[in-house]
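Peer 1: Quick one: structure below, then a few questions.
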Amino acid sequence: MDRYAYLATGRLATLMQGLTRLRVRLHNRTFIPGGSVVFVVNRFTRLETLLVPFHLCRLTGSPVWSLADSSFCAPPFENLLLRAGTVCTANPDRERQMVKPLLAGQANWVTYLDENAGPGSSAESRTGNLLLHPAALAVRTEFYRQRLLRLSRSAPDEVARIAELLQMEPVAAEGRKIFLVPVNLSCYPLRARDKVLVFLAELFSEGAAPRTEEILSEGTMLFSSVDIDMRFGAPLEVTDFLAHPLIQRDIRSLLPLDFDRKLSSLPLLRQGVKRLMDLCLARLHAATTINHDHLFASLLSAIPLRSIGEEDFRRRIYLLASSVKERGVPCHRTLEKDQVALLTDDRHHRYRDFLEVAEEKGGVTQIGERLVKGGHDPVGDPLKLLAHQVRPLQVLQREVWKVAWMPEWLVRRRVVERVERQALAEFDEDYSRFSRPKERKGRDIGAPLLLKGRSRDLGVVLVHGFLAAPAEVAELARYLHSQGLWVYLVRLKGHGTAPEDLALRTRKDWMESVDRGYALMKGICRAVVLGGFSFGGGIALDCASRVRGVAGVFAVCPPHRLMDISSRFVPAMAVWNRVMHFLKLRGVKMEYAQIVPERPQINYHRLPIRAVWELELFMRQLERKLAAISVPALVVQADFDPVVDPRGSRRLFEMLGSGEKKYRIFPRRRHGILAGEGAEEVHAAIAEFVRNLAASGREGRVVDPRVALVGKMFTIACKSATRGIWLRSQR
């Protein structure tokens, strides 16, 4: 057993190149003690049997060998595991091979458990021997260690006998106490992990051609797509579990004793093993790194009904993912970010990837817009196993059951409240951090705003332009609100505060801001129209191209090519700034350009060069997305716009893939046509477009008035009853 034996063959070298590309994140490294360690790992597959010793060896700097199930030692993996320093449970010499390295300080050991392992249960039935439990191995080794230490002077013959039994030099490992360290492995996503296992099987299958180039390219791609969180639990010192006087009496006995004989303290040792294992498992489960697959599987399992609407399910996942972060549960890095994409286009494919696995394994069937849970035996179902892994986490389970049993109307309300609160809190934080007295604008200029309407049939999300703030579209918002519509004014990140804030933002931040506005309005109204002014119109078009379910979109003076001559030099200045930063010549960098804004009470007076470069990149990407827009669209343009070339907005309009689109041009000699003289005419044109969308939506819903009345009364009664039950449960 040699840790360098990994590199013995070409295929093993290929495997190692793959293992080094796995995104393994280590947490709580300080929990690894200085003595001899038995690592207890929660996963039990060939991937982990190869992966964990490799990374632990790199972390600790000493050899780490592993105990693997005998079924893993069958071809084609037998030679691979043996070269990796693995001992199979069927090996008759396993006791000496495991205890000796721990006593002599030659190596640490890794043992693997099923998720539901425990003394006297699945792990014991797997090995058929209690002494193969990690806790039993640690207790046995510590028993020998203390016995060698205590008898080194009083009974040298017994020390020699034990040393001969273990085929080692008679040493008293005084400084090498035995520790049990829980290690929780969480692989994400589930789909990528399954592909890696298939790849390993093909790589080491009998009679397979090497195909080195294909293996290298495919293996690199597969391994680099897997995230593995390796989180260590607090170590357990085994000495504490051998403190009973009867156990200490057997340790000091001069008779030739070992575990194969009927020790008088054997029942106490078994009890100690059970207590040690229970405590180890508790710490093992507490170290679980929660990821999206855990949340999807847990929520799906806890939902009381057989089916659930897809939109409702994604809202519940959003609430669950957001609340888990606040409860201090260890989370995968993807849960540390904003989860608004779950409510919109799922651009990170969290929901899509899970749904593919769920449908493939038979756990879920998608029928139209609803998800129907499978009713088959859960044994072997990866979704049920994922939910089972996190069942001991009581904090998580409380959140799962609270969200699963929450009525749909309350889920909508909670999503709206959370999204609105998050947007306001983000603005307050940025305003306090970046705003300067000389350039500071009122909080009401930059804060996002929700205007409540009279009907929930249709709502409008408005997006302001570049260098501006929500107040830029406030006049249009008030006009639409006077028509009875719900209106939400989005604040794009970096705006409404200071240019220094905008200089730190990217096009992804701006897209996320609009997605958040859409998610908020979609939780209130049945249909949502997106609209924006100038650059905000481009952001609205981008959202309409990505998000399914948008009722319509309008853009006022949307940019395609800017007529500002200074904008032509932005790419060159951005490159110049990067060169100067590399050369540490910060005084030469041109980070901001002074401008004269059209509305100085709202717009910035300084233009961050980096932000304009992000704007240019965004517009290049938007051009490729315009053909994907299929919803009704309206483009409004001033014919003598000094900022946006009308010919460019016309080309943008022609690129739209919508079958129902309209181009309106107004005789204006300014860019900001939503405010000032003649703005009412533009407002009226936009309101007419929105009213037509609302009317077409109502025509599509043909409902008997009597049925509608009964349904409304039933809904009110259900809301009252569920709200009363919910309030009582909260008390």
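Peer 1: Scan segment 513-545 residue by residue and report those that are out of contact with any Leu (no Cβ under 6 Å at 6 or more places or on another chain), open to solvent by less than 10 Å² (accessible area, probe 1.4 Å), of a type in the set (Gly, Ala, Ser) and part of a helix (DSSP H, G or I).
Peer 2: Gly517, Gly536, Gly537
Peer 1: Can you list residue pairs whose Cβ atoms sit under 7 Å apart, with the first residue in segment 664-685 being closer than 19 Å to Ala555 by Cβ and open to solvent by 40 Å² or more (accessible area, probe 1.4 Å) and the second being outside any strand (DSSP E or B) and of a type in the set (A, V, I, L, M, F, W, C)? Count only pairs 6 or more apart in sequence or on different chains.
Peer 2: Arg664/Ala685
Peer 1: Out of the residues in segment 337-355 meeting the condition of being without any contact (Cβ under 8 Å) to a residue 40 or more places away in the chain, assigned to a helix (DSSP H, G or I) and not basic (Lys, Arg), tell me which one is farthest from Ile629 (Cα to Cα). Show your work before the answer.
Peer 2: First pass over segment 337-355, keeping only residues without any contact (Cβ under 8 Å) to a residue 40 or more places away in the chain: 337, 339, 342, 346, 348-349, 352, 355.
Next, from what is left, pick out any that are assigned to a helix (DSSP H, G or I): 342, 352, 355.
Filter once more, keeping what is not basic (Lys, Arg): 342, 355.
Working: Leu342: 20, Leu355: 25 Å.
Applying the filter and picking the extreme gives Leu355.
Peer 1: Test each condition in (1) surrounded by fewer than 17 Cβ atoms within 10 Å (Cβ to Cβ); (2) touching a residue at least 12 places away in the same chain (Cβ under 8 Å); (3) not aromatic (Phe, Trp, Tyr); (4) not in a helix (DSSP H, G or I) for Thr334 and report the one that comes out false.
Peer 2: Status for Thr334: all satisfied but (4).
Peer 1: Tell me, yes or no, whether segment 124-134 has at least one residue that is modelled with pLDDT of 80 or more and crowded, with 21+ Cβ neighbours inside 10 Å.
Peer 2: Step one: list which residues in segment 124-134 are modelled with pLDDT of 80 or more, which gives 134.
Then drop every residue that is not crowded, with 21+ Cβ neighbours inside 10 Å, which leaves 134.
The answer is yes, given that some residue of segment 124-134 is modelled with pLDDT of 80 or more and crowded, with 21+ Cβ neighbours inside 10 Å.
Peer 1: Under 6 Å between Cβ atoms, which residue pairs at least 6 apart in sequence (or on different chains) link something in segment 393-420 that is aliphatic (A, V, I, L, M) with a partner that is open to solvent by 40 Å² or more (accessible area, probe 1.4 Å)?
Peer 2: Hits for this filter: Val395/Arg327.
Peer 1: Shifting gears a bit: Identify, from the list Ala302, Ala321, Ala341, the residue that is in contact with a Phe, Trp or Tyr (Cβ under 8 Å, 6 or more places away or on another chain) and aliphatic (A, V, I, L, M).
Peer 2: Numbers: Ala321 fails: in contact with a Phe, Trp or Tyr (Cβ under 8 Å, 6 or more places away or on another chain); Ala341 fails: in contact with a Phe, Trp or Tyr (Cβ under 8 Å, 6 or more places away or on another chain).
After applying the criteria, what remains is Ala302.
Peer 1: Is it fair to say Leu492 is part of a helix (DSSP H, G or I), in contact with a strand residue (DSSP E or B) (Cβ under 8 Å, 6 or more places away or on another chain) and under 23 Å from Val635 (Cβ atoms)?
Peer 2: Working: part of a helix (DSSP H, G or I): no; in contact with a strand residue (DSSP E or B) (Cβ under 8 Å, 6 or more places away or on another chain): yes; under 23 Å from Val635 (Cβ atoms): yes.
The answer is no for Leu492.
Peer 1: Quick one: in segment 241-255, which of the residues that are open to solvent by less than 90 Å² (accessible area, probe 1.4 Å) and in a loop (DSSP other than H, G, I, E, B) is nearest to Ile178 (Cα to Cα)?
Peer 2: Looking only at segment 241-255, we keep the residues that are open to solvent by less than 90 Å² (accessible area, probe 1.4 Å), and these are 241-244, 246-248, 250-251, 253.
Right, trim to in a loop (DSSP other than H, G, I, E, B) and you get 243-244, 253.
Numbers: Ala243: 14, His244: 17, Ser253: 21 Å.
My answer is Ala243.
Peer 1: Yes or no: segment 421-433 includes at least one residue that is assigned to a strand (DSSP E or B) and open to solvent by 30 Å² or more (accessible area, probe 1.4 Å). Give the steps one after another, and end with the answer.
Peer 2: Initial filter on segment 421-433 (assigned to a strand (DSSP E or B)): none.
No, the conditions are met nowhere in segment 421-433.
Peer 1: Still on this structure: Does any residue in segment 22-33 that is open to solvent by 80 Å² or more (accessible area, probe 1.4 Å) come within less than 8 Å, Cβ to Cβ, of a residue that is at pLDDT 90 or above and assigned to a strand (DSSP E or B) six or more places away or on a different chain, and which pairs are these?
Peer 2: Between residues of segment 22-33 that are open to solvent by 80 Å² or more (accessible area, probe 1.4 Å) and residues that are at pLDDT 90 or above and assigned to a strand (DSSP E or B), the close pairs are Arg29/Phe232.
Peer 1: Any chance you could count how many residues in segment 485-510 are without any contact (Cβ under 8 Å) to a residue 40 or more places away in the chain and either within 30 Å of the chain's Cα centre (by Cα) or open to solvent by less than 10 Å² (accessible area, probe 1.4 Å) (or both)?
Peer 2: First pass over segment 485-510, keeping only residues without any contact (Cβ under 8 Å) to a residue 40 or more places away in the chain: 486-487, 504, 508-509.
Still in the running and either within 30 Å of the chain's Cα centre (by Cα) or open to solvent by less than 10 Å² (accessible area, probe 1.4 Å) (or both): 487, 504, 508-509.
The qualifying residues number 4.
Peer 1: Shifting gears a bit: Mind listing whichever residues of segment 398-420 are within 23 Å of Leu451 (Cα to Cα), basic (Lys, Arg) and surrounded by 15 or more Cβ atoms within 10 Å (Cβ to Cβ)?
Peer 2: Listed by number, the residues that qualify are Arg412, Arg414, Arg418.
Peer 1: Still on this structure, please answer the following. Looking at Glu174, is it out of contact with any helix residue (DSSP H, G or I) (no Cβ under 9 Å at 6 or more places or on another chain), at negative phi, surrounded by fewer than 21 Cβ atoms within 10 Å (Cβ to Cβ) and modelled with pLDDT under 60?
Peer 2: Details: out of contact with any helix residue (DSSP H, G or I) (no Cβ under 9 Å at 6 or more places or on another chain): no; at negative phi: yes; surrounded by fewer than 21 Cβ atoms within 10 Å (Cβ to Cβ): yes; modelled with pLDDT under 60: yes.
Considered against the rule, which asks whether it is out of contact with any helix residue (DSSP H, G or I) (no Cβ under 9 Å at 6 or more places or on another chain), at negative phi, surrounded by fewer than 21 Cβ atoms within 10 Å (Cβ to Cβ) and modelled with pLDDT under 60, Glu174 comes out as no.
Peer 1: Scan segment 216-235 and report the pairs whose first residue is of a type in the set (Lys, Arg) and whose second residue is modelled with pLDDT of 90 or more and buried (at least 20 other Cβ atoms within 10 Å of the Cβ), with Cβ atoms within less than 7 Å and a gap of 6+ or a chain change.
Peer 2: Once the first residue is of a type in the set (Lys, Arg) and sits in segment 216-235, its partners that are modelled with pLDDT of 90 or more and buried (at least 20 other Cβ atoms within 10 Å of the Cβ) give Arg231/Asn184; Arg231/Ala287; Arg231/Thr289.
Peer 1: Does segment 441-483 hold any residues that are out of contact with any helix residue (DSSP H, G or I) (no Cβ under 6 Å at 6 or more places or on another chain), in a loop (DSSP other than H, G, I, E, B) and either without any contact (Cβ under 8 Å) to a residue 24 or more places away in the chain or open to solvent by less than 10 Å² (accessible area, probe 1.4 Å) (or both), and which are they?
Peer 2: Gly442, Ala468
Peer 1: Okay, moving on. If a residue must be open to solvent by less than 50 Å² (accessible area, probe 1.4 Å) and either in a loop (DSSP other than H, G, I, E, B) or at pLDDT 80 or above (or both), how many such residues does segment 88-99 contain?
Peer 2: 4
Every residue, every condition in (1) open to solvent by 20 Å² or more (accessible area, probe 1.4 Å); (2) touching a residue at least 60 places away in the same chain (Cβ under 8 Å), yes or no:
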site	(1), (2)
Lys274	yes, yes
Asp278	yes, yes
Ala286	yes, yes
Leu300	no, yes
Phe313	no, no
Arg316	no, yes
Pro330	yes, yes
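Peer 1: Sort through Arg211, Arg153, Arg161 and tell me the only one that's surrounded by fewer than 17 Cβ atoms within 10 Å (Cβ to Cβ), at pLDDT below 60 and charged (D, E, K, R).
Peer 2: Working: Arg153 fails: at pLDDT below 60; Arg161 fails: at pLDDT below 60.
When all the criteria are applied, what remains is Arg211.
Conditions tested, residue by residue: (1) modelled with pLDDT of 90 or more; (2) under 23 Å from Ala684 (Cα atoms); (3) open to solvent by 60 Å² or more (accessible area, probe 1.4 Å).
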| site | (1), (2), (3) |
| --- | --- |
| Phe618 | yes, no, no |
| Lys625 | yes, no, no |
| Ile629 | yes, no, no |
| Gln637 | yes, yes, no |
| Phe653 | yes, yes, no |
| Lys661 | yes, yes, yes |
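The values are calculated or read from the model by the stated rules, or taken from the named source; none is laboratory data. Nothing here was measured: the structure is a model prediction, and the numbers come from that model. FYI the Cβ positions are ideal-geometry reconstructions off the backbone, even for glycines, and counts take in every protein chain you see. Keep in mind that these areas ignore ligands, DNA and RNA; they rest on the heavy atoms of the full protein, side chains included. Shrake-Rupley method; radii C 1.70, N 1.55, O 1.52, S 1.80 Å.
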